[in-house]
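A.B. asks: Dropping the structure in here first, questions after.
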Amino acid sequence: MTTLVSGPLSSLEAPVLAFALEADGWRPDLGPALEVAVQDATASKSSASLVLEDGTRAIVVVLGDQPGLERWRWAAAAIAKAVAGIEAEAVTIAVPPGESAETAGALVEGFRLGAYGYHDFKSADAPDVAALSLWSEASDLEDAVRTADLRAQATNWARDLVNTPPDAKMPDALAERVSKEARSAGLRAEVWDKERIEDEKMGGLLGVNRGSLDPPRFVVLEWAPEGHESDDPVVFVGKTVTYDTGGLSLKPTKDSMDKMKADMGGGAAVAGALVGAARLELRVRVIGLLPMSDNRPGGRAYAPGDVLTMHSGTTVEVMNTDAEGRLLLADALSYARSLHPRYVLDAATLTGAQGVALGERVAAVVARPDDQDLADRVHSAGDATGDLAWPLPLYPHYQDQLKSDTADMSNVGGRMAGTITAAAFLEHFTLEGGPGDSDREPAYPWVHVDLARPAFLDSPYGYRPKGATGFGVRLLLDLLTD
C-alpha cells in the first residue's frame, strides 16, 4: 500500500523524488536544473531526470492533454516506467499544492497500473516494484489513496487472469482461482459443475462446451454487506470463454486465435469488480455471474445448423460456432431474472465489429431506448475512469436480422451492425415470459458492454500495458459507488 508523507520537500529522505508538473504551473525549489528537466520532458513527451546536490534523483513528467484525472494517471504511469528503468527501490511522488485528494488518488492509481507486469511464466525473478510514498500538504488523503490502491489491485488481478495461458485456466482451474480470491475478499462464491448446469438446462453453455475435453463451470459471486443482505442486487454478467478457437467455424491463427486467451476479459472485469467492491466495503449488494467454457472443434462439437434449447426455452439455430459468447451470456441473462435485480450489466469481448466501429480504446455500450439512463451512467463512469465507453443504438428492427427458418432465432445477424445485432440477440433473453409469448416486456433494466478490443492490446499506451488491460474493472466499481 502507499505511504503518506508530509513536511518540507527538502527534508525528505528519499532516493527518488517524482513530480508531475504543469508546464506553466507550480515548481518545487530544485534549482535551475529543474527547468532543463521540464524542457527535456516536454520535448520527449515522456519523462526526464536530474540529480540533486544531495544525490537524490528527481524525475519530472509534464502533464499531457488527457481529460480530467486521466492526465494524472498517465503522468504517474510514466513515473513508474522511469523508476523501473533506473531500478529504484523507492519513490516519493509529490502532489502539487492545492490539488485535491482525487488528484492524489489518480497518481496512486496510475503508478500502480503503470508499474504492472506479468511474469508468472518467466524463468527470471520478477523485478521488484518500487515502494511508493505520496507527499502532500493536504491532510485528508487516506481514503482516496486507500481506494486507489485497492482499485488498482483489483484491476491488476483481472489482468493476471486474462494474461494467464489457456492451458492454465481451463474452467475448473479458473473457477477455483476466482472463487479462492473472492472468498479471501469476503465474497460468497458458488461453483456449479456440469451436472448442476445440466439441471439448470443451460443449453447455450452446454452446447459451446460439447467440443471440449474440460467440463464447463458457472460461478456465482455475491457481495452483500451487513444490512443490505435482502436488497435487490445489481447483477454483473461476464463472458468467460477461457479459450476460443472459433469451434468448427475455426478462426485464423495469426492476429486472432493466438490472442484468444483474452476471450474471458469480460468475466475477469466482473470478477475484479466484485473483489474490489468487497475490499472497498461498498454499501451495495452485487452478484456476479460467470459462465465458463472453452470453445473447441473436438469431440461432438456443436456445428453450424445445430439447434440449441436455451435456459429460457428459446431455440437457437447455430449458424456460426464462433458466435459462442452470446450463447453463454444468454443463459446467464435468463437465469438473472430469478435474482430480481435492480439492473443487469453484461460485459463481454463479444464482437470484432466493436473494434471496427470504435477502435481499441473505446468500448461499445448498447441498451434499449428505455434504458438509456443506464447507458448514460456507463458512459459517464467510462469518462471518469478512462475506461471509455460510447453508446450505440438498439432499435427493434435489429431483431429482424436474427430470424431463423428452423428455430426461434439465429445466433448471428449477418455482417451489418454486428455489435448491435449481438446485443439484440442478448436482449431477447432479458425479457419476461417464454419465446412464444406476445408483447414480452423487459424483466429488468439492462445494458450491454462490448469491450473486445480495449480488453487486450497489441501495443501499450498510458497506464495500459501490451496484453491484458483490466478494462472495465474500475468502470464497474464507479457504477457501484455511484
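A.B. asks: Pull out the extension gain between A138 and I86, defined as 0.36 nm times the separation in residues minus the alpha carbon to alpha carbon distance; nm, one decimal.
C.D. replies: Stretched out fully, the A138 to I86 stretch lengthens by 15.8 nm.
A.B. asks: I would also like to ask the following. How big is the shadow of the Cα convex hull of the chain, averaged over all directions, in nm²?
C.D. replies: Spelled out: convex hull of the Cα atoms, projected over all directions, averaged, 23.2 nm².
A.B. asks: Listed here are the pairs K180/K466; K122/K239; K239/K261; K122/K466; which of them are more than 20 Å apart at the Cα?
C.D. replies: Going by Cα-Cα distance, K180/K466; K122/K239 fall outside the 20 Å limit.
A.B. asks: Ok, one more. Calculate how many DSSP beta bridges within the stretch 3-136 are antiparallel, expressed in % of all such bridges and rounded to the nearest 5.
C.D. replies: 25
A.B. asks: Only sites in a loop by DSSP and with at most 12 other Cβ atoms within 10 Å count here; which GluC sites (Glu not before Pro) in the stretch 62-126 make the cut?
C.D. replies: E87, E89
A.B. asks: Between D232 and S256, what length in nm is gained on full extension when 0.36 nm per residue of separation is reduced by their alpha carbon distance?
C.D. replies: Gain on extension, D232 to S256, equals 4.7 nm.
A.B. asks: How big is the antiparallel share of DSSP beta bridges in the chain, given as a percent to the nearest 5?
C.D. replies: That works out to approximately 40 percent antiparallel.
A.B. asks: Using only DSSP helix segments of four residues or longer, with each worth -39500 (n - 2.57), what per-residue ellipticity at 222 nm results for the chain after dividing by its residue count and rounding to 500?
C.D. replies: When only DSSP H runs of four or more count, the value is -10500 deg cm²/dmol.
A.B. asks: Give the angle, between 0 and 90 degrees and rounded to the nearest 10, that separates the Cα long axis of helix 70-85 from the longest principal axis of the Cα atoms of the chain.
C.D. replies: With rounding to tens, the tilt is 70 degrees.
A.B. asks: Let me ask something else. Rounded to the nearest angstrom and ordered from largest down, what semi-axes does the equivalent ellipsoid of the stretch 201-351 get from its C-alpha gyration tensor (root of 5λ)?
C.D. replies: So the three semi-axes of the stretch 201-351 are 30, 17, 11 Å.
A.B. asks: Put a dot 7 Å past each Cα toward the Cβ at D199 and S459; how far apart are the dots in nm?
C.D. replies: 5.2
A.B. asks: Follow-up question, since we're still on this one. Using only the Cα atoms of the stretch 3-136, what do you get for the radius of gyration and for Dmax, in Å?
C.D. replies: Rg then Dmax for the stretch 3-136, in Å: 14.3, 46.
A.B. asks: I'd like the orientation of helix 418-428 relative to the chain: the angle between its Cα long axis and the longest Cα principal axis, in ° from 0 to 90, rounded to 10.
C.D. replies: 60
A.B. asks: Take the chain, mark every one of the chymotrypsin sites (Phe, Trp or Tyr not before Pro) that falls in a DSSP loop and has at most 14 other Cβ within 10 Å, then report the longest stretch left between them, sites excluded.
C.D. replies: In the chain, the maximal stretch lacking such sites is 122-482.
A.B. asks: Now for a different question. Between E190 and R300, what FRET efficiency comes out of the Förster formula 1/(1 + (r/R0)^6) with R0 = 22 Å and r the beta carbon distance, rounded to 0.05?
C.D. replies: Using R0 = 22 Å, I get an efficiency of 0.20.
A.B. asks: Shape of the stretch 193-255 from its Cα gyration tensor (a ≥ b ≥ c, root eigenvalues): rounded if a/c is under 1.5, otherwise prolate when a/b > b/c, or oblate?
C.D. replies: Prolate, because a/c is 1.5 or more and a/b exceeds b/c.
A.B. asks: Also: Full-extension gain between V5 and A23, please, as 0.36 nm times their residue separation minus the C-alpha to C-alpha distance.
C.D. replies: 4.0 nm
A.B. asks: Take the alpha carbon gyration tensor of the stretch 405-478, find the square roots of its eigenvalues, order them as a ≥ b ≥ c, and report rounded if a/c is under 1.5; if not, report prolate when a/b exceeds b/c, else oblate.
C.D. replies: It comes out oblate by the Cα gyration axes.
A.B. asks: Something else about it: Taking a point 7 angstrom from the Cα of A43 along the C-beta vector, which residues in the stretch 56-89 have backbone N less than 19 Å away?
C.D. replies: 58-64
A.B. asks: Using only the Cα atoms of the stretch 266-341, build the gyration tensor, take square roots of its eigenvalues as a ≥ b ≥ c, and label the shape rounded, prolate or oblate: rounded if a/c is under 1.5, else prolate if a/b is larger than b/c, else oblate.
C.D. replies: Oblate is the answer for the stretch 266-341, as a/c is 1.5 or above yet b/c matches or exceeds a/b.
A.B. asks: Measuring from centroid to centroid over Cα atoms, what is the spacing of the stretch 432-453 and the stretch 319-375 in Å?
C.D. replies: Cα centres, the stretch 432-453 to the stretch 319-375: 10 Å.
Quick note: the coordinates plus some simple rules give every number you see, no bench work behind them. Just so it is clear, the structure is predicted and the values come from calculations on it, not from any experiment. Note that each Cβ is placed from the backbone with ideal geometry, even for glycine, and that neighbours are counted across all protein chains shown.
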